[in-house]
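Participant: Sharing a structure below in structure tokens format, with a few things to ask.
Bear in mind these aren't lab numbers, they're just calculated from the coordinates by the rules spelled out. Computed from a predicted model, the values in this text were never measured in an experiment. Virtual Cβ from ideal backbone geometry, glycine too; neighbours counted across all protein chains shown.
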Amino acid sequence: MRAWARAGLLTTACLAGTVAWAQAGPSAPQVSTVEVAPGIAVIFGLGGNIGVSYGEDGTLLVDDQVPQVFAQVQQNIADLGAGPARFVVDTHWHWDHALANADFGKDGATIVAHENVRPRLVVGGTVMGIDTAPAAAEALPVIGFSDRLTFHLNGDVLDVIYTGGGHTDGDAIVRWRNANVIHMGDMFMHDLGWPFPDVESGGNIDNLLASLEQAIAMMDAETIVIPGHGQLAGRADVIAFHDVVKAATDRIRALKASGASLQEAIAAKPVTGMVDTSGAFVSDEMFLELVWASLEASGS
Ligand SMILES: [Zn+2]
């Protein structure tokens with residue numbers, strides 16, 4: 001087993017835990033770092049996994065978790081020998097990935113995100129039953145992009161790419177070209193059951209599948225994949241995730257096309273047993289409802 005995979009087993013980073021914390025209040029969360037490649041690390045903690053590029057040109061973070069662990073995340077960044085964050089790239093607007101924007105923004109970081117992220121942060125909203133207040137000025141992206149943005153940083157080229165979203169309408173993936181590392185945001189969660197096409201945030205299951213296919217095409221057998229949540233992964237894990245999500249979506253699509261109502265589809269339990277939902281935060285029924293809503297929204 002590779003060193004990063006072994007270390008990843010010791011970390012706890014799943015949204016189910018994050019939600020439990022958000023409901024119960026903070027209690028000494030664990031923040032840990034795994035060095036993925038020279039000048040690249042991932043910080044596991046409370047919320048989405050943070051990708052870190054660091055070196056002589058400064059520090060860039062991919063996502064920033066939540067204010068409750070801001071000081072710990074800063075400490076973990078310093079422990080890498082890295083400077084304060086110069087840039088934060090939000091993979092999307094969800095609170096467990098972007099709520100510490102204000103802290104990093106006040107600390108001098110420039111926030112960067114897809115152009116659909118800023119308006120959602122300005123308004124706020126409810127995700128997974130947890131309210132997000134309208135963001136402070138310091139939390140808002142200063143630089144937006146529509147399709148692609150490129151950083152030349154720390155000896156590598158980082159592509160920030162919009163593949164059409166699917167988890168929301170503003171998902172970015174970040175690819176280190178030379179190091180062959182990809183941060184997938186929440187379009188890929190590793191060993192945490194179903195994805196979460198957040199229809200209320202412009203997510204859609206067909207866009208998610210298409211985005212996964214584009215991302216897989218950028219990977220090879222050596223690619224190190226940083227998931228939005230869960231342990232580090234590789235291309236085979238993303239392919240397996242895509243395939244089961246596609247198979248489940250096809251089952252739901254067929255039921256809908258046959259004229260079944262949503263209630264009849266739920267009763268048929270078409271996706272039960274396809275993935276392990278213990279520890280997951282999207283149940284079989286919730287996934288079915290989100291796929292159903294996706295298909296309705298796209299008129300299919
Ligand atoms: Zn998310």
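Participant: Applying the selection to region 71-89, what residues are buried (at least 17 other Cβ atoms within 10 Å of the Cβ), out of contact with any Gly (no Cβ under 7 Å at 6 or more places or on another chain) and more than 17 Å from N49 (Cα to Cα)?
Facilitator: Selection gives A82 alone.
Participant: What number of residues within region 197-212 are over 15 Å from V174 (Cα atoms) and not in a loop (DSSP other than H, G, I, E, B)?
Facilitator: Residues meeting the conditions: 9.
Participant: Is at least one residue of region 262-277 surrounded by 21 or more Cβ atoms within 10 Å (Cβ to Cβ) and within 16 Å of the ligand (Cβ to nearest atom)?
Facilitator: Within region 262-277, none of the residues are surrounded by 21 or more Cβ atoms within 10 Å (Cβ to Cβ) and within 16 Å of the ligand (Cβ to nearest atom).
Participant: If I go through region 170-201 residue by residue, how many of them are of a type in the set (A, V, I, L, M, F, W, C) and near the ligand (Cβ under 10 Å from one of its atoms)?
Facilitator: 3
Participant: Limited to region 36-62, what total is found for residues that are in a strand (DSSP E or B) and within 19 Å of the chain's Cα centre (by Cα)?
Facilitator: Residues in region 36-62 being in a strand (DSSP E or B) and within 19 Å of the chain's Cα centre (by Cα): 13 in total.
Participant: Oh, and also: List pairs: first in region 80-95 and farther than 20 Å from V160 by Cβ, second within 16 Å of the ligand (Cβ to nearest atom), Cβ under 6 Å, 6+ apart or cross-chain?
Facilitator: Pairs that qualify, where the first residue is farther than 20 Å from V160 by Cβ and the partner is within 16 Å of the ligand (Cβ to nearest atom), are W95/T132.
Participant: Which residue is farthest from G185 (Cα to Cα), if the candidates are limited to region 225-259 and must be among the charged types (D, E, K, R) and surrounded by 15 or more Cβ atoms within 10 Å (Cβ to Cβ)?
Facilitator: Here the answer is K256.
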